[in-house]
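Chemist: Dropping the structure in here first, questions after.
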Amino acid sequence: MNAALQNVIASSRKIAFLGGAGLSTESGIPDFRSSDGIYKARKAYGVPPEVLLSHDFFEEYPEIFFDYYRKNLLYPDAKPNNAHKALAKLEQDGKLNAVITQNIDNLHQLAGSRHVLELHGSVCRNHCIKCRRFYPVETIMQAKGVPYCECGGIIKPDVVLYGEGLDQRVLMDSIRAIREADTMIVGGTSLAVYPAAGLIDYFTGKNLVLINLSETPRDSDATLCVHEKIGEALSFVLED
Ligand code: OAD
């Protein structure tokens with residue numbers, strides 16, 4: 001158990017959490033940069049995930065996009081792990097004001113978190129690009145090839161692709177939550193993708209805690225750095 005982390009959380013009144021793919025590896029969902037995911041994508045498709053998951057690629061090669069998307073981004077059987085559960089508990093205890101996530105897997109909501117700001121969207125929301133009709137994730141999973149709406153338009157996941165802008169309301173709410181926080185915990189993210197990674201710069205509170213297996217470019221800015229699995233590092237929260 002990490003006593004320093006325990007002390008920080010015990011003394012915090014308003015925590016803002018910013019997380020990424022490392023949150024969900026303990027739920028069996030591989031991350032983008034530390035696992036062999038990138039190399040797998042290169043080998044199977046000849047291009048890196050940043051290209052496969054770009055707006056231009058979606059428009060030009062929707063068949064390949066949906067093949068990669070279904071095989072690599074949809075994990076319908078994944079369950080929240082101790083990291084998701086601990087963050088939900090901190091919110092219930094009135095200590096945490098927002099979970100800001102780059103993940104699209106819905107696991108924070110499944111763990112019980114209520115104020116979740118999804119910077120990169122969600123696999124659970126899908127809309128026809130022509131008539132905007134809503135479709136659940138099951139439609140995407142069950143479709144063969146490109147999923148089409150009854151009107152003939154392609155059904156596009158509400159996932160922010162490279163080359164697309166972030167939802168400004170989500171971004172502004174995230175900045176507000178970070179500005180109001182006395183503690184910011186950043187976990188399970190390589191901090192390689194902007195603007196998400198730059199959100200740290202809005203934090204002016206007391207404790208900046210980084211919990212990540214590998215080093216990040218912002219380790220030297222943190223008041224506390226924990227290089228452990230985040231589910232294990234936060235599991236003490238669930239024991240109270
Ligand atoms: P990355 O794969 O870049 O980084 C995940 C980080 O989590 C790595 O630094 C790992 O060391 C760490 N990690 C893995 N498992 C962990 C665990 N159990 N506990 C603690 N740390 C762990 O993922 P993100 O930073 O989320 O964007 O990537 C950002 C964006 O790049 C994603 O949202 C996605 C991707 O392209 C889009 O799809 C738009």
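Chemist: Please count how many residues of the stretch 40-55 are part of a loop (DSSP other than H, G, I, E, B) and touching a residue at least 40 places away in the same chain (Cβ under 8 Å).
Modeler: Quick first cut of the stretch 40-55, residues part of a loop (DSSP other than H, G, I, E, B) only: 46-48, 53.
Still in the running and touching a residue at least 40 places away in the same chain (Cβ under 8 Å): 53.
Total meeting the criteria: 1.
Chemist: Which residue is farthest from the chain's Cα centre (by Cα), if the candidates are limited to the stretch 147-170 and must be in contact (Cβ under 8 Å) with a residue 40 or more places away in the chain and over 17 Å from Arg125 (Cβ atoms)? Spell out how you get there, then give the answer.
Modeler: Our first condition is that a residue be in contact (Cβ under 8 Å) with a residue 40 or more places away in the chain; within the stretch 147-170, this holds for 147, 154, 156-157, 159-164, 166-167, 170.
Next, only the ones that are over 17 Å from Arg125 (Cβ atoms) stay: 162-163.
Numbers: Tyr162: 15, Gly163: 18 Å.
Checking each candidate, the answer is Gly163.
Chemist: Right, here's the next one. If we scan the stretch 29-39, do we find a residue that is away from the ligand (no atom under 12 Å from the Cβ) and at pLDDT below 95?
Modeler: Just the residues of the stretch 29-39 that are away from the ligand (no atom under 12 Å from the Cβ), to begin with: 39.
Cutting the leftovers down to at pLDDT below 95 gives us 39.
The answer is yes; a qualifying residue exists.
Chemist: Return the residues of the stretch 214-235 that are surrounded by 16 or more Cβ atoms within 10 Å (Cβ to Cβ) and within 11 Å of the ligand (Cβ to nearest atom); say none if nothing qualifies. Spell out the reasoning first.
Modeler: Filtering the stretch 214-235 for residues surrounded by 16 or more Cβ atoms within 10 Å (Cβ to Cβ) gives 216, 218, 222, 224-226, 229-235.
Listed by number, the residues that qualify are Thr216, Val226, Lys229, Ile230, Gly231, Glu232, Ala233, Leu234.
Chemist: I need the full set of residues from the stretch 92-116 which are closer than 17 Å to Met172 by Cα and not in a loop (DSSP other than H, G, I, E, B), in order please. Please lay out each step first, then the result.
Modeler: Going residue by residue through the stretch 92-116, those that are closer than 17 Å to Met172 by Cα are 97-102, 115-116.
Matches in the stretch 92-116: Asn97, Ala98, Val99, Ile100, Thr101, Val116.
Okay, residues lined up against (1) among the small types (Gly, Ala, Ser); (2) within 16 Å of the ligand (Cβ to nearest atom); (3) in contact with a strand residue (DSSP E or B) (Cβ under 9 Å, 6 or more places away or on another chain):
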{"site": "Lys130", "(1), (2), (3)": "no, no, yes"}
{"site": "Tyr135", "(1), (2), (3)": "no, no, yes"}
{"site": "Pro157", "(1), (2), (3)": "no, yes, yes"}
{"site": "Arg176", "(1), (2), (3)": "no, no, yes"}
{"site": "Ile185", "(1), (2), (3)": "no, yes, yes"}
{"site": "Thr204", "(1), (2), (3)": "no, no, no"}
{"site": "Val209", "(1), (2), (3)": "no, yes, yes"}
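Chemist: Something else: List every residue pair whose Cβ atoms sit under 6 Å apart, with the two residues 6 or more apart in sequence or on different chains, where the first one lies in the stretch 182-199 and is closer than 16 Å to Ser220 by Cα and the second, anywhere, is of a type in the set (S, T, N, Q) and within 12 Å of the ligand (Cβ to nearest atom).
Modeler: Leu191/Thr216
Chemist: Right, another one. Just to be sure I understand, how many residues within the stretch 122-163 are surrounded by 15 or more Cβ atoms within 10 Å (Cβ to Cβ) and either of a type in the set (Asp, Glu) or assigned to a helix (DSSP H, G or I) (or both)?
Modeler: 3
Chemist: I've got another one for you. Please specify each residue of the stretch 6-39 satisfying the condition of being under 17 Å from Gly187 (Cα atoms), under 22 Å from the mean Cα position of the chain (by Cα) and assigned to a helix (DSSP H, G or I).
Modeler: Matches in the stretch 6-39: Ile9, Ala21, Gly22, Leu23, Thr25, Glu26, Ser27.
Chemist: Kindly indicate which of Ser122, Ser54 is hydroxyl-bearing (Ser, Thr, Tyr), closer than 26 Å to Cys149 by Cβ and within 13 Å of the chain's Cα centre (by Cα). Step through it out loud before you land on a result.
Modeler: Numbers: Ser54 fails: within 13 Å of the chain's Cα centre (by Cα).
Ser122 is the lone residue from the list that is hydroxyl-bearing (Ser, Thr, Tyr), closer than 26 Å to Cys149 by Cβ and within 13 Å of the chain's Cα centre (by Cα).
Chemist: Would a scan of the stretch 165-188 turn up a residue that is touching an Asp or Glu at 6+ places or on another chain (Cβ under 8 Å), buried (at least 18 other Cβ atoms within 10 Å of the Cβ) and not β-branched (Val, Ile, Thr)?
Modeler: yes
The values are calculated or read from the model by the stated rules, or taken from the named source; none is laboratory data. These figures come from a predicted structure and were not determined experimentally. Reconstructed Cβ throughout: ideal geometry from the backbone, glycine too, with neighbour counts over all protein chains shown.
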